[in-house]
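S.K.: Structure provided below as structure tokens; questions to follow.
Readers should treat all values here as calculations from the given coordinates under stated rules, not as data from a laboratory. Here the structure is a predicted model, which means the values were calculated and not measured. In this analysis, Cβ positions are derived from the backbone assuming ideal geometry, glycine residues included, and neighbour counts consider all displayed protein chains.
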Amino acid sequence: MSAKKILILPGDGIGPEVMGEVRRVLDWFQSKRGLRLEISEDVVGGCAFDRHGTPLDSATLQRAREADAVLLGAVGGPKWAKVAYDKRPEAGLLALRKELGLFANLRPALVFDALIDASTLKPEVVRGLDIMIVRELTGGVYFGEPRGITDIGNGKRRGVNTQVYTTSEIIRIARVAFDLARQRRNKVCSCEKANVMESGLLWREEVTKLHATEYADVELTHMYADNCAMQLLKAPSQFDVILTDNLFGDILSDEAAMLTGSLGMLPSASMGEDPAQSRLRPSSAERVSGAQSSRAARKAMYEPIHGSAPDIAGQDKANPLASILSAAMMLRYSFGWAAEAAMLEQAVRAVLDAGIRTADIAAIGVPPVGTRAMGAAVVERLDKLVL
Ligand code: NAD
């Protein structure tokens, strides 16, 4: 089996610090578990602008295309606030997602028992919460045409955006949700506004059709997106996989994230087309041997959902767990190394159970640890898991 090529793009602010800890964890897996990884690093965002005059250099994009997976830290910061819009650090990230064709955004919202008090909701409401939001990322109202602001005379203007989805866009994202559900608790809740939007009606009809023909074994429900927003606060444990479009997904995933209480804990994955239709589920052969089939061909990028946190950058204060958990998603979804992914998640849980906390999740009166100490603690737990 050839080594998996990973491109790490630490980015700006706390990005390099948290990615340093991801690197430490991946080094551990290479030396202690024999995983064959070929890791390289490059720049994206503000630091790429400083070096190349663009937030995403063409050579970097090419390396991302050639990688089996990309791990990204975060981009942006006040230093680049006055840079032209298309050269801003965030433009580099958007270009990367677009160029890699990453149409599916996976955002788990997981409440760790040890952090239950970090949620603003009552512990009995969020205990054991484990939701996966699957958001369509490259279509819908953020990209639909016509769009723009036009002058309509008399000093008045008109702003237009268009919500548009095609059958194939709906089906490919629905497949991702159904496949994921089969690896989890086998439930998909599809959210739109079929009551008031034709694009929502099409969404519901296509998801229903796909379910009947290929995924009848998965439990499917439909919910209006506004009701989903309410249900996430009222009874979030009813959800397993939530499937939704770009706009509603943007809002619902942020809401779900906050149920868990801390930005520093939340990973994400963005996936592209699966050329061989091998979907997200590792075959049993892959699970046993870590063997690679078409999985390497599926473009994927993994990143924490937080930003570059300029307020704490360079101070060894950032929580690296969101990035470390993003790396666990990479091991599972890009490489089919489910056992190693579970190990890493278990090590994170053990660290939290031991009361080790960075400042963002620290309990009152308990001294927090720094970024590096947190990374070291995860590796220490990994060591104990293999003993
Ligand atoms: P942010 O997520 O960077 O920070 C929000 C707050 O959360 C800050 O107080 C920060 O200190 C804290 N925080 C964030 N991550 C943390 C971590 N791992 N550990 C501990 N505390 C953490 O959001 P912001 O302040 O709105 O944005 C700052 C910059 O990041 C902006 O330039 C923005 O455009 C950019 N941004 C980038 C991404 C990305 O790269 N994907 C996402 C969001 C924001």
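S.K.: Taking the Cα centre of the chain as origin, sum charge times position over the Cβ atoms of Lys and Arg (+1) and Asp and Glu (-1), and report the length of that vector in debye to the nearest 20.
M.R.: About 320 debye.
S.K.: Among 155, 375, 11, whose mean-square fluctuation peaks in a Gaussian network model of the chain (Cα, cutoff 10 Å)?
M.R.: Most flexible of the set in this elastic network: 155.
S.K.: Is the shape of the chain rounded, prolate or oblate, going by the alpha carbon gyration tensor and its root eigenvalues a ≥ b ≥ c, with a/c under 1.5 for rounded and a/b larger than b/c for prolate?
M.R.: rounded
S.K.: ³J(HN,Hα) across region 210-218 via Karplus (A = 6.51, B = -1.76, C = 1.60, θ = phi - 60°), whole Hz, x for Gly/Pro?
M.R.: Along region 210-218, the couplings run 4, 4, 5, 8, 10, 10, 4, 6, 8 Hz.
S.K.: So which aspartates and glutamates pass the test for residue 5, namely a Cα distance under 12 Å, with those fewer than 8 places away in the same chain ruled out?
M.R.: 38, 41, 66, 68
S.K.: Check cross-link reach from residue 193 to the lysines: straight Cα distance under 17 Å, and skip same-chain residues fewer than eight apart.
M.R.: none
S.K.: Express in whole angstrom the spacing between the alpha-carbon centres of region 1-70 and region 322-361.
M.R.: Each part's Cα centre sits 18 Å from the other's.
S.K.: Helix-only mean residue ellipticity at 222 nm, the chain, DSSP H runs n ≥ 4 weighted -39,500 (n - 2.57), per residue, nearest 500. What is it?
M.R.: Value at 222 nm, helices only, nearest 500: -13000 deg cm²/dmol.
S.K.: Where does each of 211, 52 land when they are ranked from fewest to most other beta-carbon atoms within 10 angstrom?
M.R.: 52, 211
S.K.: For the charge dipole of the chain, defined by +1 on Lys and Arg C-beta atoms and -1 on Asp and Glu C-beta atoms about the Cα centroid, which residue among 73, 161, 244 has the Cα displaced farthest towards the positive pole?
M.R.: So the residue furthest toward the plus end is 73.
S.K.: Same structure, new question: Taking the Cα centre as origin and putting +1 on Lys and Arg beta-carbons and -1 on Asp and Glu beta-carbons, what dipole magnitude results for region 9-84, to the nearest 20 debye?
M.R.: It comes to approximately 100 debye.
S.K.: List the lysines whose alpha-carbon lies under 18 Å from that of residue 384, not counting same-chain residues fewer than 8 positions away?
M.R.: Leaving aside lysines fewer than 8 places away in the same chain, those within reach of residue 384 are 32.
S.K.: Please report the net charge: other residues with Cβ closer than 12 Å to the Cβ of residue 232, K and R +1, D and E -1.
M.R.: -2
S.K.: Would you mind checking the pairs 122/234; 87/299; 187/209; 209/234 and listing those with alpha carbons more than 19 angstrom apart?
M.R.: In this structure, 87/299; 209/234 exceed 19 Å between Cα atoms.
S.K.: Cβ neighbours within 10 Å, averaged per peptide: list 105-118, 324-337, 26-39 in order, most packed at the top.
M.R.: 324-337, 105-118, 26-39
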